[in-house]
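Report on one structure; see the data block that follows.
Just so it is clear, none of the values below were taken in a lab; they were calculated from the coordinates. For clarity, every value in this text was computed on a predicted model and none was experimentally measured. FYI the Cβ positions are ideal-geometry reconstructions off the backbone, even for glycines, and counts take in every protein chain you see.
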Amino acid sequence: MAARLGRTPGEAPPRFRPSQPLPAVGPTEAAALADRFQLELEKISGVVHRVNDASEVAPTVVRILQAAQDAADEAARGSGPGPGASDPSRPGPPVARWDDPLLDGFGIDAALEEAGWPVIRFRAGDDGRAFASRVERAFAGVVACDAAIAETGTIVLHSGPTRGRTVSLLPPVLIAVLRKEQIVFDAARLFRRLARAPMPSQVIFKSGPSRSSDIENDLTIGIHGPGDLHVILL
């Protein structure tokens with residue numbers, strides 16, 4: 001084989017030389033990163049809800065859902081109110097959420113149940129197909145961010161045994177909880193961070209609501225994923 005390639009047996013491929021490190025750009029302070037993240041996400045139709053304390057997360061989730069349901073009812077309304085959380089005589093549609101320690105401390109389930117939104121969670125040992133079928137009928141998904149990129153307004157989600165991808169992909173409304181200290185400025189910093197830790201089965205990058213365009217460049221929101229993205233920034 002070496003002869004066919006025109007090499008002598010003693011020759012070896014050139015030693016790999018990594019490229020020079022990328023220069024550090026952008027702010028590093030948490031407050032400045034949060035401001036830039038919000039600016040970029042709102043440019044692409046995402047919504048950022050700033051909260052000052054963990055106790056504000058659950059009420060904010062409820063307010064987001066109620067506003068989204070009211071908007072959906074208004075769009076579908078003919079001569080009378082449609083079903084949903086805006087109709088006090090009926091419970092709201094289900095809300096799917098990750099069974100994740102990052103979400104457990106906010107009291108989200110109790111707040112949703114009190115407001116009439118049934119909560120569905122996938123726990124270890126549950127039937128994955130049955131859960132996915134229930135998520136398909138959910139009005140919203142609630143997840144916890146593992147990181148975010150300020151430069152592009154992107155949230156980053158790691159999949160896992162109880163962090164199913166369906167929760168972030170199937171419901172029309174996605175609510176993500178993000179802490180300021182999780183934000184980095186650019187993708188290069190994020191990939192360096194990922195390289196230092198065990199890699200999950202999948203890393204999801206979401207920059208705003210789902211967007212699709214056909215050959216005529218007609219833009220449609222929400223065809224291949226959530227049409228509304230809300231980030232609760234803590």
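Counting other beta carbons within 10 Å of each residue's own, what order do 77, 121, 193 fall into, fewest first?
Values: 77 11, 121 18, 193 14.
So the residues, fewest neighbours to most, are 77, 193, 121.
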For 147-154, 35-42, ranked highest to lowest by mean beta-carbon neighbours within 10 Å, the order is 147-154, 35-42
Using the number of other C-beta atoms within 10 angstrom as an exposure proxy, rank 28, 162 with the fewest first.
28, 162
Spin-label pair residue 205/residue 165, simplified geometry with 7 Å Cα→Cβ offset, distance in nm
1.6
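If we count every other residue with Cβ under 12 angstrom of residue 26's Cβ, Lys/Arg +1 and Asp/Glu -1, where does the sum land?
Working: positive: 36, 189; negative: 29, 35, 40, 151, 186.
That sum, taken over residues with Cβ under 12 Å, equals -3.
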